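The values are calculated or read from the model by the stated rules, or taken from the named source; none is laboratory data. For clarity, every value in this text was computed on a predicted model and none was experimentally measured. All Cβ positions, glycine included, derive from the backbone under ideal geometry; neighbour counts span all protein chains shown. The area values use the complete protein model at the heavy-atom level, side chains included, leaving out ligands, DNA and RNA. Shrake-Rupley method; radii C 1.70, N 1.55, O 1.52, S 1.80 Å.
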Amino acid sequence: MLLRLPTSLSEAQACLAEGAVPIGGATLVWATWQRDGFPELAMSLRDVPEANVIGRGTLGAAVVLHRVDERVPDVLRQAASTVGTGAVRRTATVGGNLVGSTLRCLLPAALVLGGRATVLEADGVHETDLAEVVAKRPLLLSIDWREPLACAYRKLPADAGGPPPLVVASALHTGGGNGAAPANGGDGGDIPAPADGGGDGTGRLVRVAVRDGYDVLSGDTARGAGGDPEQALHALRDTALGDLPPTAWEIVRTQVTGLLEGRGQG
C-alpha cells in the first residue's frame, strides 16, 4: 500500500482523482485491511492545514481526539474524551469517528451544535449537512457550528463488547450565529420558527440528540426555550425523540431542565 500525505487541498483532490482511499488514524480500517487486503493507494489529511484547525466554531477532520480541548464547546470536548482508551484517542481522528465509524460517538454533540460539514470531492470543496456526511461518507475536511449559550453531555457506562452505550447531548442556542445550519433544516442564519409556529418570543432554541444503539435521533424546539422546561419537553416528544426509552427520556429531562434553569455547561 502506498500512503500519500498531501499538504494542500489541491494535492488532496489530485489523490482522490487517482483513487486514493482516505484514512484517519486507521484505528477502524486496519483490522479490515489485514483481513480483506490493503488498498493500492491511501491518503491521510494530517498535513493539510484546513483539516487540522481547532478554534471557535470549527474543528478539522484530521485532528486526533486527544487534542479536542476547551477551545470547542464542552459537549464536543466531552464526547471526544469518552471515545475508547487514551491510546485510541491519540490516533483516532474527528473525521474517522464521524465518517468511518458505525458508532459515530461525536455525532450527537455535533448535531446539537447545529454542525455543518466541509467536504472535499472530485469537483472541489463543498459545504453540506451532517446527515449527508453520514449517508455518503465523503472526504470530510472540517465541521463548523454555532456557539451555544449552554450545553450538556452524558454517556452511560457499558460493558466491553456489548451494545453501544446510550449517549445524550443537548444545547441551548440564541438567534444569530456563524452560519451553521440548525438541526431542523433551517438555512443557518437566525434561528427559524418551528414548523408548528411555536416559540416564546425569546429567539432561543433547544436541541437534543441521542444515540440509542446504533441509531442517532435528534430534535429541536423553540417552545419553552425561554425558561419553561415542561413546555420544551412536551414539544420534543413530538419530534423523532418521541419513541426513546424511559432511561433516555430521564436524561433528556435532566439536561433540558438544567439548560433552561441555567445549570448547563457553556
Notebook entry, point to check: Are there any pairs with C-beta distances below 6 angstrom linking a residue in region 206-229 that is closer than 14 Å to residue 114 by Cα to a residue that is modelled with pLDDT of 95 or more and of a type in the set (Lys, Arg), with the two at least 6 apart or on different chains, and if so which?
Noted result: 220/207
Next item on the list: Please work out which residue is farthest from residue 141 (Cα to Cα), limiting yourself to region 7-19 and to residues that are within 25 Å of the chain's Cα centre (by Cα) and of a type outside the set (S, T, N, Q).
Entry: 16
Notebook entry, point to check: If a residue has to be at pLDDT below 95 and open to solvent by 30 Å² or more (accessible area, probe 1.4 Å) to count, how many in region 82-118 make the cut?
Noted result: 12
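Among what's in region 239-265 and is of a type in the set (D, E, K, R) and not in a helix (DSSP H, G or I), pick the residue that is modelled with the lowest pLDDT.
263
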Check: Which residues, counting only those in region 77-89, are free of Cβ contacts under 8 Å to residues at least 40 places away in the same chain and of a type outside the set (Gly, Ala, Ser)?
Finding: 77, 83, 85, 89
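Scan region 244-253 for residues that are touching a residue at least 24 places away in the same chain (Cβ under 8 Å) and either open to solvent by less than 70 Å² (accessible area, probe 1.4 Å) or in contact with a Lys or Arg (Cβ under 9 Å, 6 or more places away or on another chain) (or both) and report the count.
Pass one, region 244-253, residues touching a residue at least 24 places away in the same chain (Cβ under 8 Å): 244-245, 247-248, 251-253.
Subset that is either open to solvent by less than 70 Å² (accessible area, probe 1.4 Å) or in contact with a Lys or Arg (Cβ under 9 Å, 6 or more places away or on another chain) (or both): 244-245, 248, 251-252.
Qualifying residue count for the region: 5.
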Check: Can you find even one residue in region 30-40 that is of a type outside the set (S, T, N, Q), open to solvent by 40 Å² or more (accessible area, probe 1.4 Å) and closer than 23 Å to residue 132 by Cβ?
Finding: no
